[in-house]
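The values are calculated or read from the model by the stated rules, or taken from the named source; none is laboratory data. Treat the numbers as computed from the prediction; the structure is a model and nothing was measured. All Cβ positions, even for glycine, are placed from backbone atoms using ideal geometry, and neighbour counts span all protein chains on display.
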Amino acid sequence: MRPGPNPLIAARLVERGEALFRAPRVPIRFTGLAAADALLNDIEEQPHAFVIACLMDRQLKAERAWGIPFELSRRLGGFSMAHLQSQTLERIREVFAHPTKLHRYDHMADIAYRGIRRIVEEYRGDAAAIWAGAPPSAEVVLRFLEFDGVGPKIATMAANILARDFKIPFADYYSVDVSADMHVRRVFERLGLVQSKASVDEVVYRARGMHPAFPGIVDLPAWEIGREWCHAKTPDCGACYMVNICPHAAAVGLCDDGGRCDDAADDDTPGI
Ligand code: SF4
C-alpha cells in the first residue's frame, strides 16, 4: 500500500492557513489596478462587484477577469445595482464586445446579465444577502452554484475569499474546499500529498482529509508556495519553507538538512 503523506506537511500548511485566516482584513490585490481593486474590495457597498467578478473568472487570466466589473462600470457609466438592473441584455452584450472584447467568450455577457437578474430577483438587489447572517458554508457554496456558469471550483473559491480575506463569518467551514488550480495541484504533487498527474477531485479530497473542518484552509498556503517558489520549471526550494520536509526537494538533493528530510526534521516554519 502506498504510504500516506507526511503529516508534518499537512500540519505546516494548516498552520500557515490558520495564520492567514486569523490575520486582520487588508485590501485584497485582485487585479493590480487601484480603481478596479477598490471596487472589488468595497464588499459592504458594492457586493455585486465581487459576485460578478467570480462569474467572469473562467478561462481567462485572473487579473483580467477580476477587472471586468470595473471596466463594465466605465462602459456603462456606473455600477450601482439600480443602474445595472436597468440595462438590457443587448446593451450588456454591446459593452462586452466594444470597443474591445471584455472576455474571450462572447457568452460571458449573457452570464453577467443573468447574474445581475439573479441578484435582483433572488436577493432583492443585495448580493450581500448571499452570505449575510453567518450561514452554513454549504449554503454559501450552493448559492454561488445556483448562478449560471458557476461550478464547484469558483463557488468554493468565492466562499474561501469571503471567509479568509473579507472575514465574513460562516456557521462552519466544512464545505469550503480548495480550488485546485495549477499552482495548488503542482505543490500538492511535489509535496507528495497526491500522486503524479492527480485529478482535481484527488486534490480536493486530500485537502478534506488533511483538515475536514475547513479543507480550504490550505488553499492559499499551497497557492502562495506555487506562485513564490514552486515554479513549474525551476522550483526555488532553498527559499521555500517546506524544504526540510518536501519529498521533491529531497529527491533532487535540495533538502536543507543534508538530504535527510525525514519526519523527524525540525518543524519550525522559516519565513512565517
Ligand atoms: S521545497 Fe521546492 S519542490 Fe518542495 S514545495 Fe517548496 S519549492 Fe516546491
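Structure notes:
- Exactly one residue among Val184, Val176 is modelled with pLDDT of 95 or more, within 17 Å of the chain's Cα centre (by Cα) and either within 11 Å of the ligand (Cβ to nearest atom) or outside any loop (DSSP other than H, G, I, E, B) (or both), and that residue is Val184.
- Scan of region 79-124 for residues that are within 26 Å of the chain's Cα centre (by Cα) and hydrophobic (A, V, I, L, M, F, W, C), ordered by number: Phe79, Met81, Leu84, Phe96, Leu102, Met108, Ala109, Ile111, Ala112, Ile116, Ile119, Val120
- In region 16-38, the residues that are farther than 27 Å from Arg74 by Cα and of a type outside the set (Gly, Ala, Ser) reach residues that are part of a loop (DSSP other than H, G, I, E, B) and at pLDDT below 95 with C-beta atoms within less than 9 angstrom, at least six apart or across chains, in these pairs: Arg16/Thr269; Arg16/Ile272.
- Members of region 54-67 found to be surrounded by fewer than 24 Cβ atoms within 10 Å (Cβ to Cβ) and of a type in the set (A, V, I, L, M), listed by number: Leu60, Ala62, Ala65
- Residues of region 145-173 that are assigned to a loop (DSSP other than H, G, I, E, B) and of a type outside the set (A, V, I, L, M, F, W, C): Glu146, Asp148, Gly149, Gly151, Lys167, Pro169, Asp172, Tyr173.
- Residues of region 173-216 satisfying the condition of being in contact with a Ser or Thr (Cβ under 8 Å, 6 or more places away or on another chain), of a type in the set (D, E, K, R) and more than 23 Å from Ile28 (Cα to Cα): Glu189
- Of the residues making up region 202-217, at least one is more than 8 Å from the ligand (Cβ to nearest atom) and either touching a Cys at 6+ places or on another chain (Cβ under 7 Å) or over 23 Å from Leu20 (Cα atoms) (or both).
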